[in-house]
Amino acid sequence: MSEHEGDRAFTGGSIMGSDPESVFAGATSFCRRRYTRDLTGADVVVSGVPWDCTTTYRPGARLGPRAIRQASANLSFGKIWPWNLDPFDHLGVIDWGDVAFAEGYREAMSVKVEAHARAMLAAGKTMLTLGGDHYTSLPLLRAHAERHGKIALVHFDAHSDTWDDDYEHHGTMFLAALDEGLIDNERSVQIGVRAFNGEDQGMTILTAPWVHDHGAAAVARVVRERVGETPAYLTFDIDCLDPAFAPGTGTPVCGGLTTAQAQAVLFDLVGVPFVGMDVVEVSPPYDHAEITALAASTIALDFLCLLAASRTGAGAPDPYQGGSGRPLGGSPRPAAG
Ligand code: MN
Ligand code: MN
């Protein structure tokens, strides 16, 4: 133990690094980061948006941020396999807490989330946001497009979320993002889609069967080719994963990605110019054994590792290596004594 004893989210001296703190105790900030609104030294700001009133089926995603934080406590020990780095050695990361708004009012939520994002981006921070239903991505994209220009959207989802409906909900906001000029459909890609939508709005879609047939490396190649040097935003709807890997979500669809497939894509995206990420649609009332919250927190942590690896020039991780960096199974056991 260092100079403080437990509850690092409130007592830690530095926002960098990881401590061997008891992960079953204390406050449930994201990856046991400092829970603060002081942005000093922060490269990445984690925020929650506890909102699910634009869900079309089963609500519950308003409880997502808290569940993701809780599941993440068990992930932050130091170096993360297979990145072989501790992202918190390279990135100052704080948990800002949840954006507050009058519950039940979509416009109030949108205005507050966009204002929060605009403030974080104006301060030069990268945002990692925990939803919330997927509609919360729209105000986030508004702020990111204002800051960075038209965004390349890298969108994991069972659904294309570009439906042209009479009312706004968590299946319409990327059509709005196209209409508002927030995202560049020439630079964007949707991954894992497996729900009928008669109008794809010109988006490039890698369906879930395409991912299953071609593999993660092919997905990553398409992402790199499409994004190029454009500032990219990663939006990860947890229902892109199969219900076996993410049962706790409002609109589950069979035939989806495994958690491992999604991770393997992220392992291969080091150097892609990501400017922000959200992970959305975790609905704890439908979750079992934290499966979904654990998947969401793992994907979010992999994104931080990706940022750290991009920043340090570490390059893509080699998942065929163990934690020591040596090939798995290729190293003799040291002699005893
Ligand atoms: Mn979605
Ligand atoms: Mn979805």
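The values are calculated or read from the model by the stated rules, or taken from the named source; none is laboratory data. Since the structure is predicted, the reported quantities are computational estimates derived from the model, not experimental observations. No Cβ is skipped: glycine too gets one built from the backbone with ideal geometry, and neighbour counts run over all protein chains shown. Heads up: the accessible areas ignore ligands, DNA and RNA and are worked out on the full protein's heavy atoms, side chains in. Shrake-Rupley method; radii C 1.70, N 1.55, O 1.52, S 1.80 Å.
Table for the structure above
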{"quantity": "Test: Lys112 is touching a Phe, Trp or Tyr at 6+ places or on another chain (Cβ under 8 Å), open to solvent by 50 Å² or more (accessible area, probe 1.4 Å) and either of a type outside the set (A, V, I, L, M, F, W, C) or more than 16 Å from ligand 1 (Cβ to nearest atom) (or both)", "calculated": "yes"}
{"quantity": "Subset of region 141-161 (residues that are more than 11 Å from ligand 2 (Cβ to nearest atom) and either under 23 Å from Val219 (Cβ atoms) or of a type in the set (Val, Ile, Thr) (or both))", "calculated": "Leu141, His144, Lys150, Ile151, Ala152, Leu153, Val154"}
{"quantity": "Region 226-254, residues that are outside any helix (DSSP H, G or I), within 16 Å of ligand 1 (Cβ to nearest atom) and either of a type in the set (Asp, Glu) or in contact with a Lys or Arg (Cβ under 6 Å, 6 or more places away or on another chain) (or both)", "calculated": "Asp237, Asp242, Gly250, Val253"}
{"quantity": "Helices (runs of 4 or more DSSP H) fully within region 1-111 counting 1 or more residues that are among the polar types (S, T, N, Q)", "calculated": "8-11, 64-72"}
{"quantity": "Leu128 being within 16 Å of ligand 2 (Cβ to nearest atom), in contact (Cβ under 8 Å) with a residue 12 or more places away in the chain and in a strand (DSSP E or B)", "calculated": "no"}
{"quantity": "Of the criteria (1) open to solvent by 10 Å² or more (accessible area, probe 1.4 Å); (2) within 16 Å of ligand 2 (Cβ to nearest atom); (3) farther than 22 Å from Thr136 by Cβ, which one Asn197 fails", "calculated": "(3)"}
{"quantity": "Test: residue in region 295-302 that is at pLDDT below 95, more than 16 Å from ligand 2 (Cβ to nearest atom), out of contact with any Pro (no Cβ under 6 Å at 6 or more places or on another chain) and hydroxyl-bearing (Ser, Thr, Tyr)", "calculated": "no"}
{"quantity": "Some residue of region 162-172 being open to solvent by 30 Å² or more (accessible area, probe 1.4 Å), within 13 Å of ligand 2 (Cβ to nearest atom) and at pLDDT 95 or above", "calculated": "yes"}
{"quantity": "Residue in region 231-258 that is farthest from Pro65 (Cα to Cα), counting only those that are crowded, with 21+ Cβ neighbours inside 10 Å and away from ligand 2 (no atom under 16 Å from the Cβ)", "calculated": "Ala232"}
{"quantity": "Qualifying residue in region 175-183 (condition: open to solvent by less than 10 Å² (accessible area, probe 1.4 Å) and within 29 Å of Leu121 (Cα to Cα))", "calculated": "yes"}
{"quantity": "Selection from region 115-153 of residues that are surrounded by fewer than 19 Cβ atoms within 10 Å (Cβ to Cβ) and not aliphatic (A, V, I, L, M)", "calculated": "Arg118, Gly124, Glu146, Arg147, His148, Gly149, Lys150"}
